[in-house]
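The values are calculated or read from the model by the stated rules, or taken from the named source; none is laboratory data. Given the structure is predicted, the values throughout are model-derived calculations rather than measurements. Ideal geometry is used to build each Cβ from the backbone, glycine not excepted, and the neighbour counts take in all protein chains shown. Just the protein is used for accessible areas: all its heavy atoms, side chains included, with ligands, DNA and RNA removed. Shrake-Rupley method; radii C 1.70, N 1.55, O 1.52, S 1.80 Å.
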Amino acid sequence: MKRISVLGSTGSIGTQTLEVVRQNRDLEVTALAAGSNAALLEAQAREFSPRLVSLWDEEAAKELAVRLADTQIRVLGGMEGLLAAATEESADVLVTALVGMIGIRPTMAAIEAGKDIALANKETLVTAGHLIMPLAEKYGVRILPVDSEHSAIFQCLNGEAGNKIHKILLTASGGPFRGKTREEMRDVKLEDALHHPNWSMGHKITIDSSTMVNKGLEVMEARWLFGVEMDQVQVVIQPQSIIHSMVQFEDGAVMAQMGVPDMKLPIQYALLYPERRPMPGPRLDFWKLQEIRFEEPDLTNFPGLALAYEAGRRGGTMPTVFNAANEWAVAAFLRGEIGYLQITDVIGAAMAAHCPAPDPGLPEILEAEAQTYSYIKDRW
């Protein structure tokens, strides 16, 4: 029996994680944490009977405690609840499916408690990879990637210990606006940006995918996960989302991981690693596929990716500023307060105004986040 805790259980990755649990009876859920969706978390709690549940919204947590009073489930709220869920004593693996830098503290606490990490919270490594990876090594904890691209790289590296990576080829669909110019995207509506051609995801990551900012975050994440330099990670547009990523070794050989676009595959692989098990769903049919297309990313019309490379190369607190500015801008776009093209304008302005601190600790990272929000709010 493998026991798991899930942070972000009511989101896209969290709900798909619980689908994987339903299909594998030797997986047990010991803790669930979410933001404010008390109704769904209550339903999950009654189905999976974890030892504790948590809501970030503390008022909603109080209401949930009343609704679950007929059970033995402990209900907590806020950061206290996230940390308790992350370090739940009986759990073997923590699934971090939160969105944003809120995942850093729970992830570090879980590592220090000896939990393996099934990582779907890319912002944790983007902003604090220099802290997370050494900490995981210190405590002998495995970081198992859940993002489809990073899972693909992880799978390509199986059996290749000691063989030098020449280049990581990180694939991207190009999103709903692939091939469009900035002028053509000037009047993009929210509903257009939320229509991803291949993947079903939450609002934040879907917008990030449309701007290519998500791919930039993944480049920075890959740098830490696989111990390479920023410029060893090359983004390749693969519109069909069939090749999920590739690794080129120093002898020139390229290993690719392929499959239909289905997040349950990398989730199940991370939870059951190194075992592979049957999973229901469609299979890749090469007779029907016939061809796979590749393109170079357009850094002119999608400057978010170029800004991500700049942030990663400069390092220190600059990736935090990139991430925080994007989080603010996407939230503002979702509320209808700024235009679509202004998302990357905000990121560029925040980065231009920031002088990165080298080798920041967690307090400096959180301070850079707060300063970025303050700078943007004063100007937008």
A careful count of residues in segment 353-380 that are of a type outside the set (A, V, I, L, M) and open to solvent by less than 30 Å² (accessible area, probe 1.4 Å) gives 3
What are the pairs, 6+ residues apart or on separate chains, where a residue within segment 296-310 that is more than 17 Å from Tyr340 (Cβ to Cβ) has its Cβ under 7 Å from a residue that is open to solvent by 30 Å² or more (accessible area, probe 1.4 Å) and outside any helix (DSSP H, G or I)? Ala306/Leu299
Show the residue pairs that are 6+ apart or on different chains and have beta-carbon atoms under 9 Å apart, the first residue being within segment 243-271 and of a type in the set (Lys, Arg), the second being open to solvent by 40 Å² or more (accessible area, probe 1.4 Å) and not in a loop (DSSP other than H, G, I, E, B). Lys264/Glu19; Lys264/Gln23
Conditions: (1) within 26 Å of Glu310 (Cα to Cα); (2) open to solvent by less than 10 Å² (accessible area, probe 1.4 Å). Ala136 meets all but one. Number of the miss? (1)
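Table: residues versus (1) over 25 Å from Tyr273 (Cβ atoms); (2) within 23 Å of the chain's Cα centre (by Cα).
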residue: Glu42; (1), (2): yes, no
residue: Pro50; (1), (2): no, no
residue: Val53; (1), (2): yes, yes
residue: Ala65; (1), (2): yes, no
residue: Gln72; (1), (2): yes, no
residue: Glu80; (1), (2): yes, yes
residue: Glu89; (1), (2): no, no
residue: Gly103; (1), (2): no, yes
residue: Ala110; (1), (2): no, yes
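Which ones in segment 273-305 are assigned to a loop (DSSP other than H, G, I, E, B), among the charged types (D, E, K, R) and either touching a strand residue (DSSP E or B) at 6+ places or on another chain (Cβ under 7 Å) or under 18 Å from Gln238 (Cβ atoms) (or both)?
Within segment 273-305, Asp285, Glu291, Arg293, Glu296, Asp298 qualify.
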Could you check Glu183 against (1) part of a helix (DSSP H, G or I); (2) more than 15 Å from Met255 (Cβ to Cβ); (3) of a type in the set (D, E, K, R) and say which number it fails? (1)
Could you check how many residues of segment 186-206 are touching a residue at least 24 places away in the same chain (Cβ under 8 Å), touching a helix residue (DSSP H, G or I) at 6+ places or on another chain (Cβ under 6 Å) and in a loop (DSSP other than H, G, I, E, B)? 2
Please work out if Ser90 is in contact (Cβ under 8 Å) with a residue 60 or more places away in the chain and more than 30 Å from Tyr373 (Cβ to Cβ). yes
From the list Pro319, Pro261, which residue is at pLDDT below 95 and under 21 Å from Ile168 (Cα atoms)? Pro261
Residue among Gly316, Gly312, Gly348, Gly339 that is of a type in the set (Gly, Ala, Ser), out of contact with any Pro (no Cβ under 9 Å at 6 or more places or on another chain) and open to solvent by less than 50 Å² (accessible area, probe 1.4 Å): Gly339
Failed condition for Thr96, given (1) in contact (Cβ under 8 Å) with a residue 24 or more places away in the chain; (2) more than 30 Å from Val321 (Cα to Cα); (3) within 24 Å of the chain's Cα centre (by Cα): (2)
Inside segment 146-175, the number of residues satisfying the requirement of being under 23 Å from Pro197 (Cβ atoms) and assigned to a strand (DSSP E or B) is 4
